[in-house]
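Pasting in a structure now, in structure tokens, and then I'll have a few things to ask.
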Amino acid sequence: MTSTSVRRPPTRRPSSSRPPAAPTGYRGLSASPPTTDGRRQVPLLRREIGDVLRSARQQQGRTLREVSGAARVSLGYLSEVERGQKEASSELLSSICDALAVPMSTVLRAVSDRVAAAEGLPVPVPATVAATVPAAGVGDLGIPPVVITRDGLVSAA
């Protein structure tokens, strides 16, 4: 007896079962789409962190390659963090901040201010003032003063 195998055509998922594509154009502060009840969506922290890190790197005129080498993280992964596609662990965020010579608290302050603005909340102290006024004991640590603008740009004072 000879057995014959029957080839089946590959199965395809119907196009309606595909997950919807992520909305485009909704990055950062001002472009958050309203929810169905009219409230604004809170921006994703990973995107805000990535935007602030990218701004700091670009203001320093450094490349992804330079910062990824100094932070001991792959260039591709750093790029994904900057684009908000990957969540940075606290250890990775610390390493990136060290490579950029920007205190993590400064980055987190900028992110906090951006999220507060996106939520429509007043930012209690302007970011440029808060970042340039050293807290007690910071000067002893040798951390240079940093200026963060409301849009999250970081620069040396």
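Using 7 Å Cα-to-Cβ label points, what is the ALA101/GLN60 separation (nm, one decimal)?
In this crude spin-label approximation the distance works out to 0.8 nm.
Counting Lys and Arg as +1 and Asp and Glu as -1, what is the net charge of the other residues whose Cβ lies under 15 Å from the Cβ of LEU75?
Summing Lys/Arg as +1 and Asp/Glu as -1 gives +4.
Every read-out reported here was derived from the displayed coordinates using simple, explicitly stated rules and does not represent laboratory data. Keep in mind it's a predicted model, so treat the numbers as computed, not measured. Because the Cβ atoms are built from the backbone with ideal geometry, glycine has one as well, and the counts that use them run over all protein chains shown.
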